[in-house]
1. Given Ser123, Ser69, which one is surrounded by 15 or more Cβ atoms within 10 Å (Cβ to Cβ), in a helix (DSSP H, G or I) and free of Cβ contacts under 8 Å to residues at least 12 places away in the same chain?
2. What are the residues in the stretch 144-169 that are modelled with pLDDT under 80 and acidic (Asp, Glu), if any?
3. Take Ile182 and tell me if it is farther than 17 Å from His141 by Cβ, modelled with pLDDT under 85 and in contact with a helix residue (DSSP H, G or I) (Cβ under 8 Å, 6 or more places away or on another chain).
4. Counting only residues that are exposed (fewer than 14 other Cβ atoms within 10 Å of the Cβ) and either at pLDDT below 85 or within 28 Å of the chain's Cα centre (by Cα) (or both), how many does the stretch 42-63 have?
5. Among the residues of the stretch 147-175 satisfying the criterion of being among the small types (Gly, Ala, Ser) and more than 24 Å from Val105 (Cβ to Cβ), which is surrounded by the most Cβ atoms within 10 Å (Cβ to Cβ)?
6. Might you let me know whether the stretch 89-97 holds any residue that is within 18 Å of the chain's Cα centre (by Cα) and either of a type in the set (Asp, Glu) or assigned by TED's automatic domain parsing to the domain that holds Met222 (or both)?
7. I'm trying to understand the selection: among the residues of the stretch 1-23, which are at pLDDT 85 or above and aromatic (Phe, Trp, Tyr)?
8. Sort out which residues of the stretch 202-256 are of a type in the set (Gly, Ala, Ser) and farther than 30 Å from Leu115 by Cα, and write them in order of number.
Amino acid sequence: MFSRTMLVLGLIFLYVPILSMIVFSFNNSRLVTVWDAANSPTLKWYGALAHNGQILGAAWLSIRIALVSATFAVILGTLAGMALARFGNFRGRTLLAGMTTAPIVMPEVITGLSLLLLFVALSQLIGWPRGVGAVTITLAHITFCMAYVTVVVQSRLTGFDESLEEAAMDLGARPLKVFFRITLPLILPAIASGWLLAFTLSWDDLVITQFVAGPGSSTLPMVIFSKVRFGVTPDVNALATIMVLLVATGIAISTVWMRLREKRRARDLQLAAAANL
């Protein structure tokens, strides 16, 4: 009884603020905490959002940066995770493990400041990057998102059954073909999870982005944070509601896909077992 009560209280603590934000996105009043019972609900703030160039531009910039950052973070993180999980105690393994996990435990203020100093030094030495902006934000996001992908992929490869790869190579498959036909499909859920995590972290980051952003490269968290100082308007609630719906839809689709995949795998195992009898 106590554990169920704590679970319910925890869910209420997490989701009631989100639900209240969704409800107030249909509020007719400009005050986000005052409900206009006479003229609500209304969709006018969704219409105002559609004509808010600042928020839409920042959202589109955040999406582009998150897509590029998550993709490159998955590629680099997968390679680093495979190196740490498969190559044993090679020279420099401790250094690689420390460098890939440092962004996770290091305060974001220190990470952002160090990356800003790095970009300034590179600009003075080789002339690239030219100032701070979307490019430096993307590079910074790849740096810290890669660490999370590495941990996810490495943990999946730690419990990986290597006998499947050995059987494929015994049948004449080359290492590259074994990777794409055996290893990659089996670790694909971990890679997908790492990509989604990296996308979310890049989309949501504020502290590091503020250090490496420049004029004309304000991401959505930066714009929303700047609005908080002068009062948030309900069109921000409308944008947040759309984001919640998109995330919920993505989670639902991925959950259904994973369940279908597990059912197909269980059916294939049953057919294989029946064929061996």
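The values are calculated or read from the model by the stated rules, or taken from the named source; none is laboratory data. Only a predicted model underlies this, so the values are computations on that prediction, with no experimental measurement involved. Virtual Cβ from ideal backbone geometry, glycine too; neighbours counted across all protein chains shown.
1. None of the others qualify; the one that does is Ser123.
2. Across the stretch 144-169, the qualifying residues are Asp161, Glu162.
3. In short, yes.
4. Adding up the residues that qualify gives 5.
5. That would be Ala168.
6. No: zero hits.
7. Phe13, Tyr15
8. Of everything in the stretch 202-256, those that are of a type in the set (Gly, Ala, Ser) and farther than 30 Å from Leu115 by Cα turn out to be Gly231, Ala238, Ala248, Gly250, Ala252, Ser254.
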